[in-house]
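S.K.: Got a structure for you, written out below as structure tokens; questions coming shortly.
The values are calculated or read from the model by the stated rules, or taken from the named source; none is laboratory data. Everything quoted here is computed from the prediction, not taken from an experiment. Note that each Cβ is placed from the backbone with ideal geometry, even for glycine, and that neighbours are counted across all protein chains shown.
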Amino acid sequence: MLHITETLAIADWELSESFMRSSGPGGQNVNKVSTAVELRFEADRSPHLSPSVKARLKKLAGRRWTVEGAIVLQVEDTRSQVRNREIARDRLVEMIRAALVPPKRRIATKPTLGSQRRRVAAKTARGEVKVLRGKIGDEE
């Protein structure tokens, strides 16, 4: 079980981990030990997430969202497999927590009278600059 909030937890069957050799630091050990972690979360099939949360999660995941509807996180930050697993799980939890927060609705407001007057004054001044660029006619 991966606990997201007090009321939400992800079941173990929704998560799968695979390990591979890391391209990062490790010295002589790097070619022998599989320290990099690939965490896969079947987000689209998850019964614990609502459709609106899944839609926000898909947007947050970006390229990490697969065609099958899974989120794939690859972590090879440290030399320790255990620490990389913790980092991957923490990143997944943070991503899901961010998706749980619904976006604030924008309240449409009118521009203030002062801002309208400043805009018109700026347009007038700009127009005068452009008029002065024109050809000078004979004033006889």
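S.K.: For segment 35-52, how many residues meet the condition of being under 23 Å from residue 18 (Cα atoms) and outside any loop (DSSP other than H, G, I, E, B)?
M.R.: Of the residues in segment 35-52, 6 are under 23 Å from residue 18 (Cα atoms) and outside any loop (DSSP other than H, G, I, E, B).
S.K.: If you don't mind, another one. Could you say whether any residue in segment 53-62 is farther than 9 Å from residue 35 by Cα, assigned to a loop (DSSP other than H, G, I, E, B) and of a type in the set (Val, Ile, Thr)? Even if it seems obvious, please write down each step before you answer.
M.R.: Of all residues in segment 53-62, those farther than 9 Å from residue 35 by Cα come to 53-62.
Filter once more, so that each one left must be assigned to a loop (DSSP other than H, G, I, E, B): none.
No, there is no match, as no residue in segment 53-62 is farther than 9 Å from residue 35 by Cα, assigned to a loop (DSSP other than H, G, I, E, B) and of a type in the set (Val, Ile, Thr).
S.K.: All but one of (1) free of Cβ contacts under 8 Å to residues at least 24 places away in the same chain; (2) of a type in the set (D, E, K, R); (3) farther than 22 Å from residue 1 by Cα hold for residue 79, so report the exception by its number.
M.R.: It fails just one condition, (1).
S.K.: Which one is farthest from residue 53 (Cα to Cα), of the residues in segment 95-136 that are loosely packed, with under 10 Cβ neighbours inside 10 Å and under 26 Å from the mean Cα position of the chain (by Cα)?
M.R.: 108
S.K.: Taking into account only those residues within segment 48-77 that are surrounded by fewer than 18 Cβ atoms within 10 Å (Cβ to Cβ) and of a type in the set (Gly, Ala, Ser), which is farthest from the chain's Cα centre (by Cα)?
M.R.: 50
S.K.: Name the residues in segment 13-39 that are modelled with pLDDT of 80 or more and under 26 Å from residue 102 (Cβ atoms), would you?
M.R.: 15, 39
S.K.: Return yes or no: is residue 89 surrounded by 11 or more Cβ atoms within 10 Å (Cβ to Cβ) and without any contact (Cβ under 8 Å) to a residue 12 or more places away in the chain? Talk me through it step by step, then tell me what you get.
M.R.: Working: surrounded by 11 or more Cβ atoms within 10 Å (Cβ to Cβ): yes; without any contact (Cβ under 8 Å) to a residue 12 or more places away in the chain: no.
It is false that residue 89 is surrounded by 11 or more Cβ atoms within 10 Å (Cβ to Cβ) and without any contact (Cβ under 8 Å) to a residue 12 or more places away in the chain.
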